[in-house]
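Accompanying notes for the structure given below.
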Amino acid sequence: MKKWMWLVLGIGVLVVVVVTVWVFRGTKVEVVQVVERDVVELLVATGHLDVRPVSALAMDVSGVVDSVAVREGDVVEAGEVLVELRRTEAQQQVEGADRAVETARRELARASRGAQAEELEGARAQVESARAGMELAEKNVARAEELYRSGLVTGADLDRARTDLEQQRAALERAQSELALLEGGARREDVAVARSQVRQAESSLELAQEQASRRVLRAPFAGLVVERNVEPGEAVSPGQEMVTLANMAEAEVYLDTDENNLVNLRKGQVATVIVAARPTERFRATVTQLGPEVNVERGTVAVRLKPESVPEDFFPDMTVDVNIEVKRIENARSLPRTAVAMPREVHVDTRGEEENGDKKEENGQDEEKKAERVGGQAYVFVVEGGRAVRRNVEILANGEMWVAVRGVEPGERVIRRVIAVDEGERVRARGGES
């Protein structure tokens, strides 16, 4: 009796063990569910800030540097003073020309308004004085003629009297003419002459000011001071470089990318630019040009992007990382990248040796696996009946963390790490949240 009891008990234990092994056998895997979310595919590349123009500024005159208003790294506005030469002589010429303009303008005002009462009174007084002088000269001539007839004076004395009379008569005529002009008001000829003199004086002033301004170097555009090449007290010659200025407003992002990426690149695509030296500082840019520069040896093509704005403390040729948004799918059926087996390309060289980007294929490698990778199909493992079942999928967008796929349905359980199991392997799933 006891033997049968022990036999039954042993059989029971064996059944329990077998059932337990059957139920709990299989690889433990974590599963996720297909979710709908936005997926953004990025093209990541490295480039640099390409700043054009970078202009070396100079003057066309010689002189001695009086002051330098900027240092390397300064940001300046268009028209801002950069360098000044000593201008003592040039400034004196400007001041003299300015005084000449004021004098010419006063003369024009006087000619335009005509004579004043004081000027008329003075002119009349000149006429009366000249008339009195002529009358006296006439009397002197008459007396000299009588004395000459009497033999009391010589002919030379008579000639001097007559000459004095002619001079007095001419003086009277001039005084009368000037009075007539003043009484007749401003003459158009005088006004025209005065205006001409004003124009000449103003032209001389402009020339003097232009000569003085040539001794001041100003920024032709807003930009960043890259180099400062002169110091106060230094003698400079025409054309000598003084300041190098970079036009940061015209900065572009330049990068080289593999020619194969052209299929996904378009003008107008938006990118995020990260400066390697300041990874926390980012700015947006837009693709503006593809090519035409092509590096035949490397198989790369040039891409240019226009930043929305460049921070003031960035410099030309700084290295940048560029994330170009080449594809965006909203509300896409998505899985984590680790859940999707990506197709891998194999490159064959002229010797028949194959490379996958990591290492060359070993001789004798399984040909079936090799063929699977060449132009292979993306796939995932879904859990069906306790096993890992391969499901081919189409990749719609390959994001940084998520992949938009076609070929699975929302709610299906997909193994989170596709490399954790083999096709058909029995699995024990846990989780299921995305």
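The values are calculated or read from the model by the stated rules, or taken from the named source; none is laboratory data. Model, not experiment: these values are computed from the prediction. Here Cβ is always computed from backbone atoms with ideal geometry, including for glycine, and neighbour counts include all displayed protein chains. Quick note on the areas: whole protein, heavy atoms, side chains included, nothing else; ligands and nucleic acids left out. Shrake-Rupley method; radii C 1.70, N 1.55, O 1.52, S 1.80 Å.
Tabulated results
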{"quantity": "Residue pairs meeting the criteria (Cβ under 6 Å; at least 6 apart or on separate chains; first within 11 Å of Q126 (Cα to Cα) and at pLDDT 70 or above, in the range 172-184; second among the small types (G, A, S) and assigned to a helix (DSSP H, G or I))", "calculated": "L172/A130; A175/A130; E178/A123; L179/A123"}
{"quantity": "Cβ-Cβ under 6 Å pairs, at least 6 apart or on other chains, the range 50-78 side touching a residue at least 12 places away in the same chain (Cβ under 8 Å) and polar (S, T, N, Q), far side open to solvent by less than 70 Å² (accessible area, probe 1.4 Å) and in a loop (DSSP other than H, G, I, E, B)", "calculated": "S62/S237"}
{"quantity": "Members of the range 225-255 found to be among the small types (G, A, S) and either modelled with pLDDT of 90 or more or out of contact with any strand residue (DSSP E or B) (no Cβ under 7 Å at 6 or more places or on another chain) (or both), listed by number", "calculated": "S237, G239, A249"}
{"quantity": "Search result, residues across the range 315-331 that are more than 24 Å from L262 (Cα to Cα) and either more than 18 Å from the chain's Cα centre (by Cα) or buried (at least 20 other Cβ atoms within 10 Å of the Cβ) (or both)", "calculated": "N331"}
{"quantity": "Selection within the range 257-291 - exposed (fewer than 13 other Cβ atoms within 10 Å of the Cβ) and farther than 28 Å from V226 by Cβ", "calculated": "D258, N260, V263, R266, K267, G268, G291"}
